[in-house]
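The values are calculated or read from the model by the stated rules, or taken from the named source; none is laboratory data. Note that the coordinates shown come from a computational prediction; the quantities given were computed from them, not determined experimentally. No Cβ is skipped: glycine too gets one built from the backbone with ideal geometry, and neighbour counts run over all protein chains shown. With ligands, DNA and RNA removed, areas are computed over all heavy atoms of the protein, side chains included. Shrake-Rupley method; radii C 1.70, N 1.55, O 1.52, S 1.80 Å.
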Amino acid sequence: MTLPTASIVHLTPFPATMTSDTKPIFETLADEGSAIDWNGLLTEILAAFDCSTGTIHTLNQDSQLLHLKAYQGIPEFLLPKMTVIPIGKGMAGVAAERKRPVQICNLQTDELGVARPSAKETKVKGSITVPLMLNGRLHGTLGIAKPASYEFTPQEEETLMEIGEAISRKIVS
């Protein structure tokens, strides 16, 4: 007599920090059969974190440059400066270089020099950029911002890093 065999399905566990606001993001990214809708994904992330402006860049592994995949709330005249970003330049480049989140409570009054001067043209204040990391390897960056001064909480930062890991998993699959 042969026993039936069970198939093992690879399930990506949802992060402990997932909230009702972020659940659709993780569900979208867990769908292995679909390609990433970059603009739709960014819209979901911005809504979940009550942000007005954002970017997603992916890393070209050969050139080691960040390439813009999606944006929202960015003035058109700034796009040429944001389309391709070298590692170490601006918030996205610094987050990529450090492989850690970079945040500024008020981009308009920032004097640390992390944000590029043209970033002030976005008129946003509270901003954070997280690296898209998977197994210690960089795959891009996710940046979001609010029109008011704001410091993202450690839990929000952790959730954004988990979203970044889910995006990275989707990029490499």
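Within the range 134-153, how many residues are modelled with pLDDT of 95 or more and buried (at least 19 other Cβ atoms within 10 Å of the Cβ)?
7
Out of LYS170, LYS120, I need the residue that is modelled with pLDDT under 95, of a type in the set (D, E, K, R) and within 15 Å of ILE74 (Cα to Cα). Which one?
Exactly one of LYS170, LYS120 is modelled with pLDDT under 95, of a type in the set (D, E, K, R) and within 15 Å of ILE74 (Cα to Cα), namely LYS120.
When you check GLU156 against the structure, is it at pLDDT below 80 and either open to solvent by 30 Å² or more (accessible area, probe 1.4 Å) or of a type in the set (Gly, Ala, Ser) (or both), yes or no?
Criteria not met by GLU156.
Within the range 94-115, is there a residue that is out of contact with any strand residue (DSSP E or B) (no Cβ under 8 Å at 6 or more places or on another chain), of a type outside the set (S, T, N, Q) and at pLDDT 95 or above?
Yes, the range 94-115 contains at least one residue that is out of contact with any strand residue (DSSP E or B) (no Cβ under 8 Å at 6 or more places or on another chain), of a type outside the set (S, T, N, Q) and at pLDDT 95 or above.
Within the range 62-78, identify whether any single residue is at pLDDT below 95 and under 24 Å from GLN155 (Cβ atoms), and answer yes or no.
yes
Among the candidates ASP21, ASP50, ASP31, single out the residue that is among the acidic types (Asp, Glu), modelled with pLDDT of 50 or more, surrounded by 14 or more Cβ atoms within 10 Å (Cβ to Cβ) and more than 14 Å from the chain's Cα centre (by Cα). Steps first, please.
Values: ASP50 fails: surrounded by 14 or more Cβ atoms within 10 Å (Cβ to Cβ); ASP31 fails: surrounded by 14 or more Cβ atoms within 10 Å (Cβ to Cβ).
Checking each option against the conditions leaves just ASP21.
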